[in-house]
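Report on one structure; see the data block that follows.
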Ligand code: BGC
């Protein structure tokens, strides 16, 4: 470790200067323990310098301490690529020419890979891009649970299951932070809808909070070691998340021992006294244009700026809270901008494009493939229909919008790949949806206007469909308001713009109709039985077209599994089951999660199978797998609290593929109501044709526990459990009894 020793002249004796060497201050000495450095820096700072570092100085930065050589912090969205730079004080583009990026697949796609290695690759790659752009904090990933398919922001999250989310978020964070860039996990907590997001007050029971909505955040903090977290806009139990002592002090900093920085969502702070005392550390984005209040410098008037300083000077608020906040921010700066050993990063590299393509390829989910219509075959005439074949999706959707260096749209990807495959590709529009292509001053430059009537568009597509060997419809949602976009929720579970009608017409004209939907959400499929194949594509980013071509032409064997339940209708999601506005979108400011634990498959497990189009964990391959009989390392849970499940997976088809073994746990009898089964382990394996791989998965005590809201402890009750093994939540091939002899309890 280098030490900076500065020679200084200390005195003159008889005309001779004596040189002495001043020791590097502790806070600059990277060989010293982090906490010592933090405390040393803090001890040198004035109250106003401490105040200075805990709030914004611009839209995305905070100032550091110039006098001490402590650098600024720059934040960036997140979570799918590095956002283009905006002006100092406004949301408009800064007009930089070096701020384009690789757009990585949306987090729903990452979750659909069911592969933590993909998550590590994602985190490392996006972290390198953030580092290259000199950002200290990446505002992502998002881990809010998929409570309703109407949530416009689901595409930024990792699905409906707390265990899957927890497993996938940890490597992402570690990958990002290996670059000396902090991940900022968002939006803590219960930000599960966009309607009234600024003030909606979530009422949820403690057990559901701890079992469903918090595990992703807990894993991010305790296992991922996240250096920052973003409390959201909404309220929980009467207080805004940024001012919520239960969420921030009791749980995050108390139970989980979080030593990082709680960074407010942009403009999510409302009250100096509360925010100062209830655990938020840094304020960003108040008064959206940064200048509405306190004309000469709005930043000084932030809740955690002058008003806070004043209250401390007047003795109304204690210095100790400010010291804690400032220490946390210093820790963050030392972990990031002050870490002289962090790598330099890289941007728009071929490695990053390759990573985006690989992750995307593992996330696409094949839902139906009648008569093996896919992959497409040599010599076929293929008609592509649908707006999403053309539309760039990296622009729009809110703060995750990007300025991608390049984005291959599906039609271009398919055409390019078809060239050397003797496959002919023609295109018909089919419908017109959203023709805009602008977000915050970044434009796609695409002209998607089409003046034909809806009837004419269908008639033209049908005519061409009759002449094709295969029709590939590429539709779904997009990033416009009320679709998959921040700030608004969807208004219907059906696909928009008449797409159901277009699909029905195509299927009637040509039985070889393949439907590819690009969405971050589930939707109704009234045409499910009439089409030959269904592919769930997601927002894949820069490599969208290449990834889709890889899968449709069979260069990549699909291995994605649904991270969300595709139920038949909106009312098959518990939050909507009784059409109760108190449950969604809320009444008089409150939204009540009356469904409790019944989220996703935990609810649909109780319904007739006809209510589910495609279950959680489901996804097909171009090869076939068979799961052999699973075994348990012990029929009784040993004192260690761990058992191992072993299951042989055989590839019975004729090409290499990847299968995801899923282990669900069922508590046969319990003193509290428990879901029918819950995902507690999974593993993705590559298996060659004819090969059998023995997959081992370990279950620890967490797999059997529920949260006891009376004792506020995790608890395993003795008795009978079942270990269910399969390759989707609805295809369980082994059912193994496990006896748990004694009860176990522990605190977070
Ligand atoms: C979003 C955050 C985002 C922030 C900064 C907010 O509106 O909710 O997710 O990181 O803006 O752009």
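Since every read-out is calculated from the coordinates, none of them should be taken as a lab result. None of these values were measured; they are calculated from a predicted model. All Cβ positions, even for glycine, are placed from backbone atoms using ideal geometry, and neighbour counts span all protein chains on display.
A few comments on the model shown:
- The stretch 361-407: Cα Rg divided by the 2.2 N^0.38 Å rule of thumb: 1.62
- Antiparallel content of DSSP bridges confined to the chain, in %, to 5: 60 percent
- A full extension of the chain between residue 731 and residue 23 corresponds to an added length of 248.3 nm, given 0.36 nm per residue minus the alpha carbon distance.
- Remark: 344, 155, 553 ranked as 344, 553, 155, counting other beta-carbon atoms within 10 Å and listing the fewest first.
- Gyration tensor verdict on the stretch 666-705 (Cα atoms; rounded if a/c is under 1.5, prolate if a/b is larger than b/c, oblate otherwise): prolate
- Segments 87-98, 369-380, 642-653 sorted - mean Cβ within 10 Å per residue, highest first: 642-653, 369-380, 87-98
- Inter-site label distance for residue 378 and residue 451 at 7 Å from Cα along Cβ, in nm: 4.5 nm
- Take 500-509, 32-41 and order them by the average number of nearby Cβ atoms within 10 Å per residue, most first; the result is 500-509, 32-41.
- The slack in the chain from residue 467 to residue 609, taken as 0.36 nm per residue of separation less the alpha-carbon distance, amounts to 47.4 nm.
- Relative contact order of the chain, taken over Cα pairs closer than 8 Å and 6 or more residues apart, is 13 percent.
- Principal axis dimensions, the chain - Cα atoms, whole angstrom, descending: 100, 66, 56
- Across the stretch 270-391, the mean sequence separation of Cα contacts (distance under 8 Å, 6 or more residues apart), normalised by length, yields a relative contact order of 20 percent.
- Counting every alpha-carbon pair across the stretch 89-199, the share separated by more than 24 Å comes to 29%.
- Our summary gives the stretch 578-644 a relative contact order of 14 percent, counting only alpha carbon pairs under 8 angstrom and 6 or more residues apart.
- The packing ranking, built from the mean of other Cβ atoms within 10 Å per residue, places the peptides 177-188, 72-83 in the order 177-188, 72-83, highest first.
- Separation of the stretch 354-390 from the stretch 659-718 is 33 Å, based on Cα centroids.
- Cα-based convex hull, the stretch 185-282, per residue volume (Å³, whole number): 85 Å³
- Each part reduced to its alpha carbon centroid, the stretch 422-454 and the stretch 231-287 end up 42 Å apart.
- Residue 97-residue 203 FRET efficiency (beta carbon distance; Förster radius 41 Å; 0.05 resolution): 0.25
- In degrees, nearest ten, helix 319-335 long axis to first principal axis of the chain (Cα): 60 degrees
- Whole-angstrom gap from the stretch 207-229 to the stretch 164-192, using each part's C-alpha centre: 9 Å
- Prolate/oblate/rounded call for the stretch 134-222, Cα gyration tensor, a/c under 1.5 rounded: prolate
- Among 210, 352, 482, sorting on how many other beta-carbon atoms sit within 10 Å of each Cβ, with the fewest leading, yields 482, 210, 352.
- Contour excess over end-to-end distance, with Cα ends at residue 321 and residue 629 and 0.36 nm allotted per residue: 105.2 nm
- Cα-based shape type of the stretch 607-722, given that a ≥ b ≥ c are square roots of the gyration tensor eigenvalues and the cut on a/c is 1.5: oblate
- Helix 454-466 and the longest principal axis of the C-alpha atoms of the chain enclose an angle of approximately 60°.
- Sum of -39500 (n - 2.57) over DSSP H runs of 4+, divided by residues of the chain (222 nm, nearest 500): -6000 deg cm²/dmol
- Each of 353, 539, 664 was scored by other Cβ atoms within 10 Å of its Cβ. Listed from fewest to most, they are 353, 664, 539.
- Folded to 0 to 90 degrees: helix 162-177 orientation relative to the chain principal axis, Cα: 50 degrees
- Put simply, the C-alpha atoms of the stretch 518-576 give a gyration tensor, and the ellipsoid matching it has half-axes of 25, 14, 10 Å, longest first.
- Compactness of the stretch 291-426, expressed as Rg and Dmax over alpha-carbon positions, Å: 26.6, 81
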